[in-house]
Amino acid sequence: MKFTQLRLAGFKSFVDAAELRIDPGLTGIIGPNGCGKSNLLEALRWVMGATSAKSLRGGGMEDVIFSGTDTRPARDRAEVSLTVDNTARTAPARFNDAEILQVVRRITRGKGSDYTINGEEVRAKDVQLLFADAGTGANSPALVRQGQISELISARPENRRRVLEEAAGVAGLRARRRESQLRLNAAEANLARLQEIVDDLASRHASLQRQARQAGRYRELSVTIRDYESLLWLRRWREASEAVSAADAALADASAEADAALRAAAEASVAAEAASARVQPLRQSEAEAAAALRLAERTRDQLDRDVEAAHEAVARLTQRLEELRSGEAREAELHEEARDALARLKHHITSLRAPAGADGPAQARAEAALADADATRQTAEAELDKASGACA
Ligand code: ATP
């Protein structure tokens with residue numbers, strides 16, 4: 001596997017598209033400090049699947065995108081393309097048909113990296129494996145950074161081992177072994193899950209067998225129950241038939257009895273009509289008697305009320321008679337008093353008439369008194385007459 005060309009666009013200081021041809025033999029890059037020599041090596045490691053931004057002298061992977069200068073604005077994308085000669089057919093089987101492999105890595109701000117090999121989208125792992133099989137890669141010790149020699153001298157044994165493995169051309173195998181180990185672990189986990197499923201199925205199988213036995217028993221019992229039910233229904237049918245026969249006989253008897261009863265009812269109806277005809281005049285008489293009775297009762301009630309009223313009138317009149325009697329006694333007393341007064345007056349008049357010739361004015365006074373006494377008497381007599389009339 002030979003690298004033949006490296007193309008950069010927007011990567012670090014290579015804002016415009018730049019191309020590095022790697023011809024047979026040695027290819028050297030020379031230039032002043034800061035012209036971008038190390039950036040080229042980093043582009044090579046980046047396109048081979050480098051994952052450490054720190055090893056690319058950046059804080060994050062997006063730092064590899066051209067970040068702009070005083071005169072040029074920053075870019076949003078960076079792309080590095082590495083052309084590999086595969087005429088020796090050492091690439092993995094998936095890409096080994098092509099003579100030339102075009103490995104491209106792009107990065108876009110906020111979206112991350114993606115890879116293609118000959119235009120086909122691939123995973124980062126596919127690219128890393130491609131170069132690992134060829135004994136190189138982003139972290140290959142063959143790519144020596146500034147100051148890396150001194151780092152190698154003081155490196156840990158496992159890092160040195162990586163250098164040796166790469167020199168022996170087994171770095172790809174090591175990477176594959178890790179992947180196989182991961183797959184093995186996943187397969188073991190799957191196996192454990194399968195075992196759980198098998199155990200679960202076994203317990204469900206046992207439960208289903210139990211249920212199947214119960215279902216068989218249930219079927220047998222169902223058949224027996226159906227037989228017994230058939231017998232029961234036959235017996236009930238027979239009993240019902242007998243009951244129907246008995247009911248038919250009872251119905252015939254009842255029909256005969258009903259006919260007799262109908263006949264008796266008809267006769268009774270005729271007799272009732274005849275009786276009704278006889279009863280009609282009696283009912284008329286009864287109605288008339290009832291009317292007469294009601295009239296007599298009304299008359300009696302009226303008479304009772306009249307008697308009551310007469311009693312009350314007698315009581316009132318008796319009371320009035322009592323009052324009149326007492327009035328008559330009073331009048332008799334008055335009459336007696338008036339008679340006494342009259343006698344006294346007559347006596348007085350007689351006594352007054354004797355000396356009449358001697359005293360003229362006295363006689364006049366006596367005559368006036370006599371006239372008053374007469375008037376009083378007449379009034380008393382009129383009252384006496386009135387009281388006598390009232391008493392009568
Ligand atoms: P030296 O000989 O001193 O090692 P060099 O030739 O290797 O130098 P590099 O270190 O490759 O030079 O390049 C450094 C230059 O790249 C610096 O000028 C730096 O500003 C520029 N540079 C690095 N990253 C970016 C970036 N993301 N965007 C723009 N320029 C960058």
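The values are calculated or read from the model by the stated rules, or taken from the named source; none is laboratory data. This one's a predicted model, so the numbers in the text were calculated from it and none came from an experiment. For neighbour counting, all protein chains shown are included, and Cβ atoms are generated from backbone atoms with ideal geometry for every residue, glycine included.
Six or more apart or on different chains, Cβ atoms under 9 Å: show the pairs whose first residue is in segment 20-36 and closer than 16 Å to Val47 by Cβ and whose second is within 6 Å of the ligand (Cβ to nearest atom).
Gly36/Lys12; Gly36/Ser13
I'd like the full set of residues that are within 11 Å of the ligand (Cβ to nearest atom) and either hydroxyl-bearing (Ser, Thr, Tyr) or outside any loop (DSSP other than H, G, I, E, B) (or both), limited to segment 50-60.
Residue satisfying the conditions is Leu56 alone.
Does Ala240 qualify as being of a type outside the set (S, T, N, Q), out of contact with any Leu (no Cβ under 7 Å at 6 or more places or on another chain) and at pLDDT 95 or above?
yes
Quick one: count up the residues across segment 365-380 that are in contact with a His (Cβ under 9 Å, 6 or more places away or on another chain) and more than 10 Å from Leu345 (Cβ to Cβ). Outline the logic, then answer.
First, the residues of segment 365-380 that are in contact with a His (Cβ under 9 Å, 6 or more places away or on another chain): 366, 369-370, 373, 380.
Right, trim to more than 10 Å from Leu345 (Cβ to Cβ) and you get 366, 380.
Total satisfying the criteria: 2.
Which count do you get for residues in segment 19-45 that are away from the ligand (no atom under 12 Å from the Cβ), closer than 18 Å to Phe66 by Cβ and surrounded by fewer than 16 Cβ atoms within 10 Å (Cβ to Cβ)?
1
Can you name the residue in segment 101-115 that is β-branched (Val, Ile, Thr) and touching a residue at least 40 places away in the same chain (Cβ under 8 Å) and, of all such residues, is surrounded by the most Cβ atoms within 10 Å (Cβ to Cβ)?
Only one residue tops the list, namely Val103.
If you go through segment 79-96 one residue at a time, do you hit one that is over 60 Å from the mean Cα position of the chain (by Cα), outside any helix (DSSP H, G or I), within 16 Å of the ligand (Cβ to nearest atom) and not charged (D, E, K, R)?
So far as segment 79-96 goes, yes, one or more of its residues are over 60 Å from the mean Cα position of the chain (by Cα), outside any helix (DSSP H, G or I), within 16 Å of the ligand (Cβ to nearest atom) and not charged (D, E, K, R).
Out of (1) in a strand (DSSP E or B); (2) charged (D, E, K, R); (3) within 12 Å of the ligand (Cβ to nearest atom), what's the single condition that is false for Arg75?
(1)
Would you confirm whether or not segment 67-90 contains a residue that is out of contact with any strand residue (DSSP E or B) (no Cβ under 6 Å at 6 or more places or on another chain), hydrophobic (A, V, I, L, M, F, W, C) and at pLDDT below 90?
Yes: segment 67-90 contains one or more residues that are out of contact with any strand residue (DSSP E or B) (no Cβ under 6 Å at 6 or more places or on another chain), hydrophobic (A, V, I, L, M, F, W, C) and at pLDDT below 90.
How do the pairs read when you match residues in segment 39-53 that are within 18 Å of Asp133 (Cβ to Cβ) with residues anywhere that are among the acidic types (Asp, Glu) and within 15 Å of the ligand (Cβ to nearest atom), using Cβ under 8 Å and keeping only pairs 6 or more apart or on different chains?
From segment 39-53, the pairs are Ala50/Glu42.
Regarding Asp63, is this residue within 16 Å of the ligand (Cβ to nearest atom), touching a helix residue (DSSP H, G or I) at 6+ places or on another chain (Cβ under 9 Å) and acidic (Asp, Glu)?
For Asp63, the condition - within 16 Å of the ligand (Cβ to nearest atom), touching a helix residue (DSSP H, G or I) at 6+ places or on another chain (Cβ under 9 Å) and acidic (Asp, Glu) - is met.
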